[in-house]
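**Student:** For reference, the structure I am asking about is given below.
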Number of protein chains: 2
Amino acid sequence: MSKHPVLIVGSVAFDDLEMPSGTFENVVGGAATYAAVAASLFTSVRVVGVVGEDFPQGVLSDLRSRGIDTAGIEQAEGKTFRWRGRYAHDLSSRTTLDTQLNVFADFRPRIPPAFRDTPYVLLGNIHPALQLEVLSQIERPKLVVADTMNFWISGESKLLGELLRSIDLLVINDEEARELSGIHNLVKAAADIRARGPKHLIIKRGEFGALHFDDQGVFFAPGYPLEDVLDPTGAGDSFAGGLMGYLAAVGSLEHPAMRRAIYFGSALGSFCVEGIGPKRLFEVSRTDLKTRMDQFMNLVETGGPVAFAVP
Amino acid sequence: MSKHPVLIVGSVAFDDLEMPSGTFENVVGGAATYAAVAASLFTSVRVVGVVGEDFPQGVLSDLRSRGIDTAGIEQAEGKTFRWRGRYAHDLSSRTTLDTQLNVFADFRPRIPPAFRDTPYVLLGNIHPALQLEVLSQIERPKLVVADTMNFWISGESKLLGELLRSIDLLVINDEEARELSGIHNLVKAAADIRARGPKHLIIKRGEFGALHFDDQGVFFAPGYPLEDVLDPTGAGDSFAGGLMGYLAAVGSLEHPAMRRAIYFGSALGSFCVEGIGPKRLFEVSRTDLKTRMDQFMNLVETGGPVAFAVP
């Protein structure tokens, strides 16, 4: 069985990270970077994005050496997108100190002809108009997954509504689900959001895990409990990339593949937060992943539903 | 196989609850009440506590009709312990408005002779000196589980230390685990707390589920996602009572019994929050419990660890 490739569209960036453990500048980041590295553990990956003249060629070759096709990463005149943020002492929240869109301000995703038949498409958190523009360039994808954020939920609700009708799976966090639906209770919020289009919805809750909603009900996977969390940046994107990579590798969207994909996504998110920026994620091998999945499964192993008779 | 009985020592109270949905006064509550009702779905229960002259006899007969032996609930001169609290709009936090200890101020738990050989003992959140006093009256219990709270962690650390050396399982929430250990990271906090005595530690995280730590590692069970949460009062006590009831019914402390007990506890907590006070919990049948457990298991079913190969 040949594995299906994944197309990822999103930001490639420099992050300046003010962490409790110190300040780290010019850290390579961006949603597409994290997602692509995570997905590349499972299958071949194609990335569409934009960088400036200041972006190191070495990083692009690193990506290529992992089976990530960077032909869709345009190099534009000017500087790479840059985000500066400060994390709270316990890493539970962060504040954006500065956002310099730079070359990202004029980004219009152009899907290379060789990428247009990619069956698994992950639309990172960019303007919904651009996400729709990507979809118009893709030929009958098998699965379209999208991320979005509060900024577009409040500012571009009409376009976002159009996007929701065009995707199969929306991956957002709990605050975004509440803002998008206007409903606090997540079970009710999920029903509201799914009625707007996506058959599947995943609500991420960071260290508290993720909920998946579809016609078959609710599924929950926990976050992997870690002793040393260094930097949550990119964890959600690593989750989405790992999920997508797994689904593409096994070629299914149904249970139990979807459930396993969520665990794999969660495992990739857990690796991501163990290093500053994508450092740890870049180091993870398939053997590391297997070991963590074994531990993860032990964390939740109950002996199966059959044994759960009321004594 | 005859099921083992459970002994529960703790508060029996009136609660005045200022909820977003309205104010409810004179609601029967107290940790021992919630825990006993939850445990009574699994096995026979013995309660030790104190009520005032104002406590309705009808409630005590309701408890007895469920197989709860109330011979250890002393009726003292004066009024029953009363707590008044106000919940935030989204029920995520609460403020104590008033605490009237009343007859609870002079409570000295006296274990009736017929209760002294109870193998499964749940020490509700009372003064650690009283928890120790209970243990001194019990003959070689098989499992001692205790709850505690920030008030005793900061004010009675020496006695609490003694208690920790005398119990098998401590059940506390995440804030309490952080305060008790002085460590923010829960995995590290758990190691610190277990080094002080209890072989097992459960950290409750409310709707986010519960973590169990022992020599075999970490186990996680989620909260059951609900559409309608009315009142979180007593959910933690229902969890502890359900856990204890299950363990006593199956007569084991080992995996997978412990893991299943945590799911059963979590299911009981989920019923509890669906009604004001213990109303819903009182209504739950073993059939309701079985149905919820089936749904709960479907929520987390992955097809087993064996299928989690890296594709």
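**Student:** With a cut-off of 8 Å between alpha carbons and a minimum separation of six or more residues, what is the relative contact order of segment A:48-122 in percent? Kindly include the intermediate steps, with their values, before the conclusion.
**Tutor:** Working: 101 pairs, mean separation 24.9, N = 75.
The value is 33 percent.
**Student:** Would you kindly calculate the translational diffusion coefficient of segment B:33-106, applying Stokes-Einstein with the Kirkwood radius from alpha carbon pairs, for 37 °C and a viscosity of 0.692 mPa s, and quote it in µm² s⁻¹ without decimals?
**Tutor:** 237
**Student:** Using a loss threshold of 40 Å², tell me which positions in segment A:226-242 are less accessible in the complex than in their chain alone. Probe radius 1.4 Å, ligands and nucleic acids ignored.
**Tutor:** Relative to the lone chain, where solvent access is computed with a 1.4 Å probe, segment A:226-242 loses at least 40 Å² at A:Glu227.
**Student:** Let me know the Kirkwood hydrodynamic radius for segment B:78-134, please, with Cα pairs as the basis and the value in Å to one decimal. Walk me through the intermediate numbers first.
**Tutor:** Values: mean 1/r = 0.0710 Å⁻¹.
Hydrodynamic radius (Kirkwood, Cα only) of segment B:78-134 equals 14.1 Å.
**Student:** Shortest first and in nm with one decimal, please list how far the B:Glu77 label point sits from its counterparts in the other copies (point 7 Å along Cα→Cβ).
**Tutor:** 9.5
**Student:** Still on this structure: Given a 1.4 Å probe and no ligands, DNA or RNA in the count, how much accessible surface is buried by B and A, both sides, to the nearest 100 Å²?
**Tutor:** About 4200 Å² of accessible surface is lost on pairing.
**Student:** Where nothing but the Cβ of Lys and Arg (+1) and of Asp and Glu (-1) is charged, how large is the charge dipole of segment A:110-176 around its Cα centre, in debye to the nearest 20?
**Tutor:** Approximately 340 debye in magnitude.
**Student:** Now for a different question. Go ahead and set up a Gaussian network model of chain B, Cα springs under 10 Å, then flag whichever of B:Phe220, B:Phe239, B:Phe104 fluctuates most.
**Tutor:** Residue with maximal mean-square fluctuation among B:Phe220, B:Phe239, B:Phe104: B:Phe220.
**Student:** Once you put a point 7 Å from the Cα of A:Lys290 and another 7 Å from the Cα of B:Glu162, both along the Cβ direction, what distance in nm separates them?
**Tutor:** The modelled label-to-label distance comes out at 5.4 nm.
**Student:** Any chance you could check the Cα centroid distance between segment B:135-149 and segment B:57-133 for me, in angstrom?
**Tutor:** Distance between centres, Cα-based: 16 Å.
**Student:** Something else about it: Ignoring ligands, DNA and RNA, what percent of the 1.4 Å accessible area of segment A:202-300 is carbon and sulfur?
**Tutor:** Roughly 51 percent of what the probe reaches on segment A:202-300 is carbon or sulfur.
**Student:** Treating cross-link reach as a plain straight distance, find the lysines whose alpha-carbon is under 25 Å from the alpha-carbon of B:Lys188, omitting any fewer than eight places away in the same chain.
**Tutor:** Qualifying lysines at Cα under 25 Å: A:Lys204, A:Lys279, A:Lys290, B:Lys158, B:Lys199, B:Lys204.
**Student:** Please say if chain B is rounded, prolate or oblate, where rounded means a/c under 1.5 for a ≥ b ≥ c the square roots of the C-alpha gyration tensor eigenvalues, and otherwise the choice is prolate for a/b larger than b/c and oblate otherwise?
**Tutor:** Judged from the Cα gyration tensor, chain B comes out rounded (a/c under 1.5).
**Student:** Let me ask something else about it. What's the long-distance tail for segment B:250-306, i.e. % of Cα pairs beyond 17 Å?
**Tutor:** 46
**Student:** Give the nm distances, rounded to one decimal, from A:Gly303 to the matching residue in every other copy, measuring between label points 7 Å along Cα toward the beta carbon; shortest first.
**Tutor:** 2.4
**Student:** Nm distances between the label at B:Glu53 and the same-position labels in the remaining copies, 7 Å along Cα→Cβ, shortest first?
**Tutor:** Listed shortest first, these distances are 9.2 nm.
**Student:** Where does the charge balance sit around A:Phe208 when Lys and Arg score +1, Asp and Glu -1, over other residues with C-beta under 12 Å from its C-beta?
**Tutor:** -1
**Student:** Sorted by accessible area (1.4 Å probe), largest first, how do B:Val300, A:Val45, A:Val229 line up?
**Tutor:** Per-residue accessible area, sorted high to low, gives A:Val229, B:Val300, A:Val45.
**Student:** What does a probe at A:Lys199 reach in segment B:288-303, counting residues whose amide N is under 15 Å from the point 7 Å along Cα→Cβ?
**Tutor:** none
**Student:** So what does log10 I(q)/I(0) come out to for the protein assembly as shown at q = 0.06, 0.09 Å⁻¹, using the Debye formula with one equal point on every Cα and no solvent?
**Tutor:** -0.36, -0.75
**Student:** Report the charge-dipole magnitude of segment B:56-151 in Debye, nearest 20, computed about the Cα centre from +1 at each Lys and Arg Cβ and -1 at each Asp and Glu Cβ. Display every interim value, and only then the final one.
**Tutor:** Details: 12 positive and 11 negative charges, 24 e Å.
My answer is approximately 120 debye.
**Student:** Then there's this: Taking the rotation that carries B onto A, look along its axis and tell me which residue of B has the beta carbon nearest to it, distance in whole angstrom.
**Tutor:** For chain B, the closest residue to the axis carrying it onto A is B:Phe208, 2.
**Student:** Would you pull out the residues with amide H under 5 Å of A:Val47's amide H, same chain only if 5 or more places away, H placed 1.01 Å from N?
**Tutor:** A:Ile8, A:Asp69, A:Ala71, A:Gly72
**Student:** Okay, moving on. Which listed residue (B:Asn150, B:His212, B:Gly197) has the Cα farthest towards the positive end of the charge dipole for segment B:139-265, taking +1 on Lys and Arg C-beta and -1 on Asp and Glu C-beta about the Cα centre?
**Tutor:** Of the candidates, B:Gly197 comes out farthest on the positive side.
**Student:** Given Cα pairs under 8 Å that are at least 6 residues apart, what percent is the relative contact order of chain B?
**Tutor:** With pairs under 8 Å counted, the relative contact order is 18 percent.
**Student:** Please find the FRET efficiency linking A:Leu101 to B:Ser21, where r is the Cβ-Cβ separation and R0 is fixed at 60 Å, and quote it to the nearest 0.05. Don't jump to the answer; show the numbers that get you there.
**Tutor:** Numbers: r = 45 Å, r/R0 = 0.76.
Taking R0 as 60 Å, the efficiency between A:Leu101 and B:Ser21 is 0.85.
**Student:** Please list, in order along segment B:108-120, the HN-Hα scalar couplings obtained from phi with the Karplus expression 6.51 cos²θ - 1.76 cosθ + 1.60 (θ = phi - 60°), rounded to whole Hz, x for Gly and Pro.
**Tutor:** So the J values, rounded to whole Hz, are 10, x, 10, 7, x, x, 5, 9, 6, 9, 5, x, 10.
**Student:** For segment B:186-301, compute the orientation-averaged projected area of the C-alpha convex hull (one quarter of its surface), in nm².
**Tutor:** Value for segment B:186-301: 7.3 nm².
**Student:** Treat every Asp and Glu Cβ in chain A as -1 and every Lys and Arg Cβ as +1, leave all other atoms uncharged, and give the resulting dipole magnitude about the Cα centre to the nearest 20 debye. It would help to have the intermediate numbers written out before the result.
**Tutor:** Values: 30 positive and 38 negative charges, 173 e Å.
My answer is approximately 840 debye.
**Student:** For the residue pair B:Asp62 and B:Phe151, what label-to-label distance in nm results when each label sits 7 Å from Cα along the Cα-to-beta-carbon direction?
**Tutor:** The modelled label-to-label distance comes out at 2.4 nm.
**Student:** How much area per residue is accessible in the protein assembly as shown when the probe is 1.4 Å and only protein heavy atoms are counted (Å²)?
**Tutor:** 39
**Student:** Next question, about the same structure. Give me the residues in segment A:179-214 whose solvent-accessible area, probe 1.4 Å, is reduced by at least 20 Å² once all protein chains are included instead of the chain isolated.
**Tutor:** Residues of segment A:179-214 that lose at least 20 Å² of accessible area once the other chains are added: A:His184, A:Asn185, A:Val187, A:Lys188, A:Arg205, A:Glu207, A:Phe208.
**Student:** What whole-number distance in Å separates the alpha-carbon centres of segment A:264-294 and segment A:26-52?
**Tutor:** Segment A:264-294 and segment A:26-52 have Cα centres spaced 15 Å from each other.
**Student:** Still on this structure: One-quarter of the Cα convex hull surface for segment A:64-201, in nm²?
**Tutor:** On the way: hull surface 41.8 nm².
In nm², the orientation-averaged hull projection of segment A:64-201 is 10.4.
The values are calculated or read from the model by the stated rules, or taken from the named source; none is laboratory data. These numbers were taken from a predicted model, which means no experiment stands behind them. Here the Cβ is made from the backbone with ideal geometry for all residues, glycine too, and neighbour counts use every protein chain on show. Each accessible area value is taken on the protein alone, full model and side chains, heavy atoms only, with ligands, DNA and RNA left out. Shrake-Rupley method; radii C 1.70, N 1.55, O 1.52, S 1.80 Å.
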